[in-house]
Amino acid sequence: MIQTKTTKRWTLHDELIFIRRLVRPYNNEGKYKSEMPCLCDEYKLDKRQTVTGYIASLHLRKKWDFEMTDRKYERLITLAKQVLREVEF
């Protein structure tokens, strides 16, 4: 399961963590310390294809739990492209 049901709304920060988690584990150093595994490894998905698909479909997404601006959109695309470059090396 990627995210359990909570009353918390999905934020830009959550989306940025999600993008990173596609190809690498995420260490949560907050109040509830835990390591979340790489999603592509956990679900046996091709990393390059998954990130490429994320980038290609991002503009189609209509419902955001936060106000989406051009600047935030570019930030998500930039991070996803950085993650894609990591995968290609």
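Coordinate-derived values only; no laboratory data. None of these values were measured; they are calculated from a predicted model. In this analysis, Cβ positions are derived from the backbone assuming ideal geometry, glycine residues included, and neighbour counts consider all displayed protein chains.
Condition first: closer than 19 Å to Arg9 by Cα and over 15 Å from the mean Cα position of the chain (by Cα). Now tell me which residues in segment 67-86 satisfy that.
Restricting attention to segment 67-86, the residues satisfying the condition of being closer than 19 Å to Arg9 by Cα are 67-69, 72-73, 76.
Those that are closer than 19 Å to Arg9 by Cα and over 15 Å from the mean Cα position of the chain (by Cα): Glu67, Met68, Thr69.
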In segment 23-35, is there at least one residue being in a helix (DSSP H, G or I), in contact (Cβ under 8 Å) with a residue 12 or more places away in the chain and in contact with a Cys (Cβ under 8 Å, 6 or more places away or on another chain)?
-> yes
Give the residue that is surrounded by the most Cβ atoms within 10 Å (Cβ to Cβ), with candidates limited to residues of segment 39-74 that are of a type outside the set (Ser, Thr, Tyr), in contact (Cβ under 8 Å) with a residue 24 or more places away in the chain and part of a helix (DSSP H, G or I).
-> Val51
